[in-house]
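Presented below is the structure to which this report refers.
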Amino acid sequence: ALRAFRAECSALSRGVDLDETECVVDLWAAQEMQDNHPARVDSAEYRQLRARIVARAMPSLDAGRAGEADVAGEDRAVVERTIMGQLASLASEAFSAVGENADSGELTDGIAEAELGDHTQGRRGCSHTSLFNEHYVVKPADSLTEFGWHTDQNEQLQMCLNQPSLPYVSIWLPLCDTEDENGTLEILPRCAPQPPANADKSHIFFRSLVSQDGSHSSLEKNEAHTIHSVGENAPTVNERESGKTCRRIRVLAGGAVIFASDIWHRSGPNRSSEPRQVFYAQYTHGVLRSDGTLGPSPASRTGSTQNEDEGVARKSSRLAGPLSFAVPTKGVE
């Protein structure tokens, strides 16, 4: 799977001005999609269109390299299954924490450690969980580009009138080893002191933060992917008082970090001699509408077929309109 993501990222990155896009490689950026485009809410339409976009980005292969064409097609299928199945299932596990913490209505800080290896290749997406967004983030070698403290919710929903009743989740999947030198992820866990409401990356609160290294994941020979909990290693009383509460998370290629959309995070510049590639996928519990509210997922309906679910999703999108995508993952392998 790691090889497949790397190949796709490299192909989609060709010709992209990373300074102009702020290091984001968005395969959907060049698509003119109306609000009611079926690929926004229909998993079959989404997968078909995605496959065509990626196929166009891959270098042309002559007849003498037909075997490589087969490999490219297999790689696209692996990426698709991972996004719609394995990663969606991990997002569902995060959402399940809400049921365990129903009194607060929030995702808990801790996510159980899990692996994505050959033994989970058949894992399916789940009811209620919809793919909201996906893209790559590529920081060029010797780059000064860094991302200041922010939450995904503040960045992506700033034009919305409302905030969703439940945070969505982001999965940060580095395609290379990440550490301080190439700008790995730093997170402010929810259990730590938080900045005041309406703060931004320039707020004085963030000037007192000192990063504490997180645990280092291990990559097994079967390319197992480790999920890091943003709630592990909670700060001590002394660390809380001194402001040393954020965590720098070092992750080997193929590891992943999953966190809620209201979690503060940042990453520094890439001072290494190689590009830093990351795949980023986001999932919602239901449909995140264009006004910032959450609606029920059509896939949560019991006793309905996938075609019926997606038909309802298309009808719902004409009424409410998803903010980005609301692609059902239920039943997708």
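The values are calculated or read from the model by the stated rules, or taken from the named source; none is laboratory data. Bear in mind the structure is a predicted one, so any value in this text is a computation, not a measurement. Positions of Cβ are backbone-derived with ideal geometry, glycine not excepted, and every protein chain shown enters the neighbour counts. SASA here: full protein model, heavy atoms, side chains in, ligands and nucleic acids out. Shrake-Rupley method; radii C 1.70, N 1.55, O 1.52, S 1.80 Å.
How many residues are modelled with pLDDT of 90 or more and within 21 Å of the chain's Cα centre (by Cα) if we restrict to segment 30-41? Selection size over segment 30-41: 3. Scanning segment 141-165 for residues that are open to solvent by 20 Å² or more (accessible area, probe 1.4 Å), touching a residue at least 12 places away in the same chain (Cβ under 8 Å) and in a loop (DSSP other than H, G, I, E, B) yields 141, 142, 144, 145, 146, 160, 161, 162, 163, 165. Restricting segment 288-299 to residues that are open to solvent by 20 Å² or more (accessible area, probe 1.4 Å) and either at pLDDT 95 or above or touching a Gly at 6+ places or on another chain (Cβ under 6 Å) (or both) leaves a set whose member that is farthest from residue 89 (Cα to Cα) is 290. Scanning segment 185-204 for residues that are open to solvent by 40 Å² or more (accessible area, probe 1.4 Å) and in a loop (DSSP other than H, G, I, E, B) gives 190, 193, 194, 196, 197, 198, 200, 201, 202, 203.
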